[in-house]
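Step one of this worksheet: look at the structure below.
The values are calculated or read from the model by the stated rules, or taken from the named source; none is laboratory data. Since this is a predicted model, take the numbers as computed values, not measurements. FYI the Cβ positions are ideal-geometry reconstructions off the backbone, even for glycines, and counts take in every protein chain you see.
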Amino acid sequence: MQNKINLNSLDYQELELFVTNELKLPKYRTTQLWNWIWAKNIIDFEQMTDVAKETRKILAEKAYLFRPSIEKTSKSKDGTIKFLLKLEDGELIETVLIPSVAKDGNGRVTQCLSTQVGCAMGCTFCSTGKLGFTRNMTQGEILGQIQAARFYLEDTKPEHPIIRNLVFMGMGEPLLNFETLMKSLKTLHHPKGLAFSVRRITVSTCGIQKGLKELGESNLAYLAVSLHAPTQEKRAMLMPKAAKWHLEDLLTALESYNLHTRERMTLEYLVLGGINDTQEDAKELIKICSRLKAKLNLIPYNDTPNSPYKAPTPENLLKFEKALWAKNVTAIIRKSKGQDIEAACGQLRAEYEIHK
Ligand code: SAH
Ligand code: SF4
């Protein structure tokens, strides 16, 4: 593969340059190639039947298309599928397909995407955080997760569901791979390719000062911010690195977004039994929610190995939710799927260690 270029890692403009400079073809040919790569999910140039034979030969000499290979699939009893994927350099990452049934009765899935191999943020409750950081993923690798999952679905199920929504909630902190994240989002939107609209994409971040505003106002994805604690003190205990950016400053930044952006923003609140689920915590959280016009997702903690935390009791969780509703805060308890295969939020890592 040396000196060959991986076309999956190019955005539209870059592919256009490749088409004109390397293939010596007119610009408009880019759409054709782009469509094969992203809409038709083809990696073998020989299958690109409307590309001239001579061009296919040059393509094979100068370029290639890499799709991460599926090393393992784990299926949950609730229909969630977790994939262990191998990247070009042998690094392993995980991506998850979460099923849902749409109003019209058709099957749909949401895909949870990783953006980094490991994560540098070290949040105390998160399995990925315990791995530490290895490297950023490229656009080809980030979007390659969709290509691998689509290939699997098309290959295994004749009446396969479509990947409807994307959530960047897998391994890694998306904003610490900012440039590639933005590039990937633009590629995702391209109408001649994967054609995902902004409403179908959510990027979750623990709140990184650099890039948060730009992403929040970019109109490329909905934003979800991992709050997890209602005070700076508690947040610093749970997510020491993320909390270096003071909670007050994070909130001020979020407040400064225009209303349109704020209204579609989600705050994620991981509920840890006995840690951040008291009535006092609810009170503080209400203050925060009254400042931001945002939805609140309550995520009961998913157990991870050797963890000091536990999930809240169902009674306490309901009491917590009730206290928020009483003050008109829109809070929704998010039941995690795929817990039995460790595919739920924050559980992505176990397979990694076994296979390494
Ligand atoms: N780094 C980003 C996105 C990946 S984590 C972020 O932190 O937002 C995706 C979500 O899973 C985050 O809200 C994260 O806090 C949550 N999470 C991490 N560990 C968890 C656990 N053990 N149980 C439930 N949710 C967890
Ligand atoms: Fe990284 Fe998000 Fe896990 Fe924190 S919760 S360690 S930011 S992946």
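On inspection, GLY273 passes the criterion of being on the phi < 0 side of the Ramachandran plot, modelled with pLDDT of 95 or more and more than 16 Å from ligand 2 (Cβ to nearest atom). Condition check: outside any loop (DSSP other than H, G, I, E, B), within 13 Å of ligand 2 (Cβ to nearest atom) and either without any contact (Cβ under 8 Å) to a residue 40 or more places away in the chain or touching a helix residue (DSSP H, G or I) at 6+ places or on another chain (Cβ under 9 Å) (or both). Does SER290 satisfy that? Against the criterion (outside any loop (DSSP other than H, G, I, E, B), within 13 Å of ligand 2 (Cβ to nearest atom) and either without any contact (Cβ under 8 Å) to a residue 40 or more places away in the chain or touching a helix residue (DSSP H, G or I) at 6+ places or on another chain (Cβ under 9 Å) (or both)), SER290 does not qualify. Just a yes or no: is a residue in the stretch 301-322 hydroxyl-bearing (Ser, Thr, Tyr) and closer than 18 Å to LEU212 by Cα? No, there is no match, as no residue in the stretch 301-322 is hydroxyl-bearing (Ser, Thr, Tyr) and closer than 18 Å to LEU212 by Cα. The C-beta contact set for the stretch 109-129 (first residue farther than 13 Å from THR205 by Cβ and modelled with pLDDT under 95, second residue crowded, with 21+ Cβ neighbours inside 10 Å and among the acidic types (Asp, Glu), distance under 8 angstrom, 6+ apart or interchain) comprises SER127/GLU342. Among the numbered conditions (1) touching a Phe, Trp or Tyr at 6+ places or on another chain (Cβ under 8 Å); (2) within 16 Å of ligand 2 (Cβ to nearest atom); (3) in a helix (DSSP H, G or I), the only one that LYS130 does not meet is (1). Restricting attention to the stretch 219-253, the residues that are part of a helix (DSSP H, G or I), over 16 Å from ASP277 (Cβ atoms) and within 11 Å of ligand 1 (Cβ to nearest atom) total 1. Checking each residue in the stretch 152-206 for being surrounded by 17 or more Cβ atoms within 10 Å (Cβ to Cβ), part of a loop (DSSP other than H, G, I, E, B) and more than 16 Å from ligand 2 (Cβ to nearest atom) picks out PRO161, HIS190, GLY193, LEU194, PHE196. Only one of the numbered conditions (1) away from ligand 1 (no atom under 16 Å from the Cβ); (2) surrounded by 15 or more Cβ atoms within 10 Å (Cβ to Cβ); (3) not hydrophobic (A, V, I, L, M, F, W, C) is violated by SER76, and that is (1).
Restricting to the stretch 133-151, count the residues that are charged (D, E, K, R) and either part of a helix (DSSP H, G or I) or within 13 Å of ligand 1 (Cβ to nearest atom) (or both). Give the derivation first.
Step one: filter the stretch 133-151 for residues charged (D, E, K, R), giving 135, 141, 150.
Right, trim to either part of a helix (DSSP H, G or I) or within 13 Å of ligand 1 (Cβ to nearest atom) (or both) and you get 141, 150.
Result for the stretch 133-151: 2.
The set of residues from the stretch 299-314 being more than 16 Å from ligand 2 (Cβ to nearest atom) and either of a type in the set (Ser, Thr, Tyr) or not in a loop (DSSP other than H, G, I, E, B) (or both) comprises THR313, PRO314.
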